[in-house]
Amino acid sequence: MRSPRAPNQALRTLLTEAGWSGAQLARAVNALGAVQGTVLHYDRTTVAHWLVGSCPRSPVPSLVAEVLSRRLGRPVHVQDTGLIRPEQWGLRAGRPLVEGSAVERLDDVLRDIDRRGAARIGAYSLAALAIPNGPPAAGRAPLSALDASMPVGMEQAASAQQLLALFSRGDAAFGAGTVREPLRQYLSTTLLPWLRSDMKPGVRSELFTVAAQLTYLCAFTHFDMNHHVAAQRLYLMSVELAREAGDMVGQALALRGLSVQAHALGHFTEALDLAEQAVRIGVRHAPPHQQAFFYGQLAVAQAGRGDSRSIRHLALAERCLERSSSRSSPVGAFHPGSLALQHAAVARSHGDHRAAARALETSLRHRPADERRSRALSLAELAETQLAVGHLERACGTWHEFLDTHLVIHSARADDRLRFLMAGLRPHAANPTAAGLLRRAGELSSRTSAAATKRDSLRTRAS
């Protein structure tokens, strides 16, 4: 006979501490799920089932832990909710990343994404953004865990650097959807075995540095595809790998990536904390164009919090960029088009749509032709800004340019902009110019949805 379920006293205690009813918890979980791309329709009845001992499927336990963490102002781990059974406890169930080396934890994250899919590996966590300073918690792997059969030298580090540049160019030109899976597979099947090998200290430092950069890029590709939980976990792993390499700039790059993600998700306080940490750690060690990269994000994060210092940090970023002899790098590249985009973000936060439009036009003039994804997103922002100030005809022309670029990229953020386009134009459907644009956008949206359905079908059959 099946043993009866034990009542979930842990969850009941957390609900009492939070001052929430079952219906309030259900609404909070539904809302967080929607933000993170998981559509849920829970109600008080669902929570009542949890309280008598039923356990929902992943990623729901992680969502419950996260909404309770935010409500209570302290970390609540998945196992604290009583929504997973003891045999499921462990790293994949949401336990803090404290055991093992950075390489072992990266392996676990990549396996988790591969096993569950990037959309089902948990919840985006504000508690995880409290990143400790200082040396890594675990040093290099013990000798017994190293693969002595595989000699690793500077040749492997150089090849990883070349592939980093290749993946980075592909991402910028065609969107994350074209490189995300090949990059993740490269990390899993090629780079991880190298990182486990015994090697000379100089080789180790070089290889861990490029591994941190590849992991940062892999995180960004998940961010671009709206897989925010996977992106956050990979950014955190990039921080750890850079720390093990002693690479201060690499740590700062990953912290900046986490700041950009937090800002995009509306967590403005956390975004500012992370941007300040990135500047504090990285600016002293970075070349001028990457100093501008850090100061520019700090300005955007400050503007999101209504901090007037944002203008000063934009000016500082501009001065750093002016004295830069080289502005390109596989990660952390920054040029006048990038800076103008951040001017636009600051202006938009201050409610100055006209200044934002001027900055976006400047950004597009300076944007390299092969940065198609950034160009598409900037065009969409410009069109939305033009519409906000009442320039419908001009906005439609800009949106047509966006659609031209959208045809050749695979980016969930660009797909979001396509949906915003259609929603923003529907009130103007009686205008002939807007009506024509809506027809074209609808056709493109249908093709995009059909392609996504086909990809999902192929992925399901492959798994």
Filter the stretch 55-79 down to the residues that are among the polar types (S, T, N, Q) and open to solvent by 20 Å² or more (accessible area, probe 1.4 Å), then identify the one that is farthest from Leu14 (Cα to Cα).
Ser58
How many residues does the stretch 194-224 contain that are of a type in the set (Gly, Ala, Ser) and either within 23 Å of Gly175 (Cβ to Cβ) or open to solvent by less than 10 Å² (accessible area, probe 1.4 Å) (or both)?
4
Selection over the stretch 164-214 where residues are modelled with pLDDT of 95 or more and not in a helix (DSSP H, G or I) yields a count of 2
Qualifying position, being under 30 Å from Gly37 (Cβ atoms), hydrophobic (A, V, I, L, M, F, W, C), modelled with pLDDT of 85 or more and part of a helix (DSSP H, G or I), among Val76, Val103:
Val103
Conditions: (1) modelled with pLDDT under 95; (2) within 24 Å of the chain's Cα centre (by Cα). His350 meets all but one. Number of the miss?
(2)
I'm trying to understand the selection: among the residues of the stretch 208-229, which are among the aliphatic types (A, V, I, L, M) and over 8 Å from the mean Cα position of the chain (by Cα)?
Val210, Ala211, Ala212, Leu214, Leu217, Met225
Within the stretch 341-359, track down each residue that is within 21 Å of Asp171 (Cα to Cα) and of a type in the set (A, V, I, L, M, F, W, C).
Leu341
Counting only residues that are under 20 Å from the mean Cα position of the chain (by Cα) and open to solvent by 20 Å² or more (accessible area, probe 1.4 Å), which one in the stretch 314-337 is nearest to Val210 (Cα to Cα)?
Pro330
Would you confirm whether or not the stretch 291-304 contains a residue that is open to solvent by 40 Å² or more (accessible area, probe 1.4 Å) and either touching a Leu at 6+ places or on another chain (Cβ under 6 Å) or at pLDDT below 95 (or both)?
no
Restricting the stretch 370-399 to residues that are of a type in the set (Val, Ile, Thr) and part of a helix (DSSP H, G or I), which is nearest to Arg348 (Cα to Cα)?
Thr385
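Each row is one residue, and each column tells you yes or no for (1) in contact with a strand residue (DSSP E or B) (Cβ under 8 Å, 6 or more places away or on another chain); (2) farther than 30 Å from Asp224 by Cβ; (3) of a type in the set (Gly, Ala, Ser).
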{"residue": "Gln24", "(1), (2), (3)": "no, yes, no"}
{"residue": "Asn30", "(1), (2), (3)": "no, no, no"}
{"residue": "Ala34", "(1), (2), (3)": "no, no, yes"}
{"residue": "Trp50", "(1), (2), (3)": "no, yes, no"}
Does Val300 fit the bill of being in a loop (DSSP other than H, G, I, E, B) and in contact (Cβ under 8 Å) with a residue 12 or more places away in the chain?
no
Regarding Gln232, is this residue surrounded by fewer than 24 Cβ atoms within 10 Å (Cβ to Cβ) and either under 8 Å from the mean Cα position of the chain (by Cα) or over 26 Å from Asp198 (Cα atoms) (or both)?
no
Which condition number in (1) out of contact with any helix residue (DSSP H, G or I) (no Cβ under 6 Å at 6 or more places or on another chain); (2) modelled with pLDDT of 95 or more is the one that Ala369 fails?
(2)
Residues being more than 21 Å from Leu341 (Cβ to Cβ) and touching an Asp or Glu at 6+ places or on another chain (Cβ under 9 Å) - total across the stretch 273-298
1
Answer residue from the stretch 20-43, given it is assigned to a loop (DSSP other than H, G, I, E, B) and of a type in the set (A, V, I, L, M, F, W, C) and is least open to solvent (accessible area, probe 1.4 Å) among those:
Leu40
May I ask you to say which residue of Arg365, Arg373 is within 23 Å of Arg169 (Cα to Cα), among the charged types (D, E, K, R) and surrounded by 14 or more Cβ atoms within 10 Å (Cβ to Cβ)?
Arg373
Go through the stretch 254-275 and give me each residue that's crowded, with 23+ Cβ neighbours inside 10 Å and within 13 Å of the chain's Cα centre (by Cα).
Ala254, Leu255, Arg256, Gly257, Leu258, Ser259, Gln261, Ala262, His263, Ala271
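The values are calculated or read from the model by the stated rules, or taken from the named source; none is laboratory data. Quantities reported herein were computed from a predicted structural model and do not represent experimental measurements. Using ideal geometry, Cβ is built from the backbone for each residue, glycine included, and neighbour counts are taken over all protein chains shown. Accessible surface is based on the protein model in full, side chains and every heavy atom, while ligands, DNA and RNA are left aside. Shrake-Rupley method; radii C 1.70, N 1.55, O 1.52, S 1.80 Å.
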